[in-house]
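Working notes, beginning with the structure itself.
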């Protein structure tokens, strides 16, 4: 195996794990200076290669806006690296814990310790950010990192592999390429922690494979994230945020609003507001280079199937803009008004430029609708009322919640990111990512013999006295 981090497909992931495990044992606790330097090199490499990364993504998608890549991928990744580099010193410090008087004289603290080798399985929809973010967190925590990149974005995967190979030896960070068979082998490795980002269906397979080794997992999945438009919401303002959140990257975003809940009788007004916002953001989207294409023909066919099924069921379908040119995968943003719940578009994560619009009568109905379905990765609420905000936040469970906006919470470095139930398990980003990739080891240190030693056998009167004091 060569010194760089890019791993040829002929090399088995198990071999990579072996060399990283050996390297970890030789350096089980990297110094702060070392960790910061690794993060600095990662940041510099992203800045130097951002044009190549954007070009690779554009090639893989058959149309991905460079400015969109810069904001949603490059900037997001750099912010994650910089945040870790700035705060890793504080994250590494001992975390003192208080002790009851009966345990004195002693000290106690929690020691964050590198776990060892972290496995990361990255998705295709935001392959730069969702590779670099976990890599930054794992390196800040002092670990070695193995990354399985997606076969659906081969040019971008090669560019990421080249980036990592240019700055890190393979025994520190390595990128593994290949198809589903490689992915299955990767998820079966006895790494010290495994982070998977992808669909709920594949997440179940990953968790099942990891369970064979009792490997702890963080699953960042998806599901159907609702956008609730309360009766008092500014409809145009809500539409501006929902349209952006839904149709950015052609809806291929795990935290995108997957359906909107609007007050009954206002669905046409809302649909018109969405249309206006789409035309403002992406005029003539099917031909607009600033509007992203669907990743491949298979996904495009799946999305067209959702629309055809909805039309056959009698739901109103509103395509915003003309149909795409032959061979183009730039699908126009599409609304489906009041689709029956049995349709696939309402049962499956859409992951494309389609927004179902459902109506409700009361806020109680809207809350009940959300709670009758799997717990979502995100919940978006639009309201001017603090009382409504409190009620929805307290009565629904989601991976995260965002009030009067969409998507932006993921840019907050101090907020944990993760799902709940079918939308995932565990958290990362910032300190939460550092903690996920660390063993928070409790330490108890006796200063000198104290009361506890005097309470050892043989038992006598002193024990009776202490029992009355400590227990009552």
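The values are calculated or read from the model by the stated rules, or taken from the named source; none is laboratory data. For clarity, every value in this text was computed on a predicted model and none was experimentally measured. As a convention, Cβ positions derive from the backbone with ideal geometry for all residues, glycine included, and neighbour counts pool all protein chains shown.
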Worksheet, complete the sentence: Residue set 413, 433, 472; condition within 30 Å of residue 141 (Cβ to Cβ) and in a loop (DSSP other than H, G, I, E, B); output residue 413
Worksheet item: How about region 307-319: which of its residues are surrounded by fewer than 19 Cβ atoms within 10 Å (Cβ to Cβ) and part of a loop (DSSP other than H, G, I, E, B)?
Response: 313, 314
Worksheet item: Given (1) under 30 Å from residue 320 (Cβ atoms); (2) surrounded by fewer than 19 Cβ atoms within 10 Å (Cβ to Cβ); (3) outside the structural domain of residue 352 (by TED's automatic domain parsing), where does residue 151 come up short, assuming only one miss?
Response: (1)
Discussion item. Tally up the residues in region 272-306 that are in contact with a helix residue (DSSP H, G or I) (Cβ under 9 Å, 6 or more places away or on another chain), buried (at least 19 other Cβ atoms within 10 Å of the Cβ) and part of a helix (DSSP H, G or I), please.
Written reply: 7
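Enumerate the strands (runs of 3 or more DSSP E) found wholly within region 106-221, keeping only those where 2 or more residues are modelled with pLDDT of 95 or more and in contact with a helix residue (DSSP H, G or I) (Cβ under 6 Å, 6 or more places away or on another chain). Quick ask: steps written out before the conclusion?
On the way: elements: 106-114, 117-121, 144-148, 173-176, 193-197, 217-220.
Qualifying strands (runs of 3 or more DSSP E): 117-121, 144-148, 173-176, 193-197, 217-220.
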Practice prompt. Scan region 225-242 residue by residue and report those that are buried (at least 23 other Cβ atoms within 10 Å of the Cβ) and out of contact with any strand residue (DSSP E or B) (no Cβ under 8 Å at 6 or more places or on another chain).
Written response: 239
Practice prompt. Considering every residue within region 29-42, establish whether at least one is at pLDDT below 95, in a helix (DSSP H, G or I) and exposed (fewer than 13 other Cβ atoms within 10 Å of the Cβ).
Written response: no
Worksheet entry | Selection status of residue 223, under 30 Å from residue 398 (Cβ atoms) and under 16 Å from the mean Cα position of the chain (by Cα) | yes
Fill in: Members of region 437-466 found to be touching a helix residue (DSSP H, G or I) at 6+ places or on another chain (Cβ under 7 Å) and in the same structural domain as residue 102 (by TED's automatic domain parsing), listed by number
437
Discussion item. I'd like to check something: does region 241-260 contain any residue that is in the same structural domain as residue 357 (by TED's automatic domain parsing), over 28 Å from residue 152 (Cα atoms) and at pLDDT 95 or above?
Written reply: yes
Practice prompt. Please work out if residue 165 is in the same structural domain as residue 77 (by TED's automatic domain parsing) and touching a residue at least 60 places away in the same chain (Cβ under 8 Å).
Written response: yes
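Could you please let me know if residue 330 is modelled with pLDDT of 95 or more and either surrounded by fewer than 19 Cβ atoms within 10 Å (Cβ to Cβ) or out of contact with any strand residue (DSSP E or B) (no Cβ under 9 Å at 6 or more places or on another chain) (or both)? Even if it seems obvious, please write down each step before you answer.
Details: modelled with pLDDT of 95 or more: no; either surrounded by fewer than 19 Cβ atoms within 10 Å (Cβ to Cβ) or out of contact with any strand residue (DSSP E or B) (no Cβ under 9 Å at 6 or more places or on another chain) (or both): yes.
Answer is no for this residue.
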Worksheet entry | helices (runs of 4 or more DSSP H) (entirely within region 320-406) containing at least 1 residues that are touching a helix residue (DSSP H, G or I) at 6+ places or on another chain (Cβ under 7 Å), closer than 23 Å to residue 239 by Cβ and in contact (Cβ under 8 Å) with a residue 40 or more places away in the chain | 363-371, 386-395
Discussion item. Could you tell me how many of the residues in region 193-213 are more than 19 Å from the chain's Cα centre (by Cα) and either outside the structural domain of residue 174 (by TED's automatic domain parsing) or touching a residue at least 24 places away in the same chain (Cβ under 8 Å) (or both)?
Written reply: 3
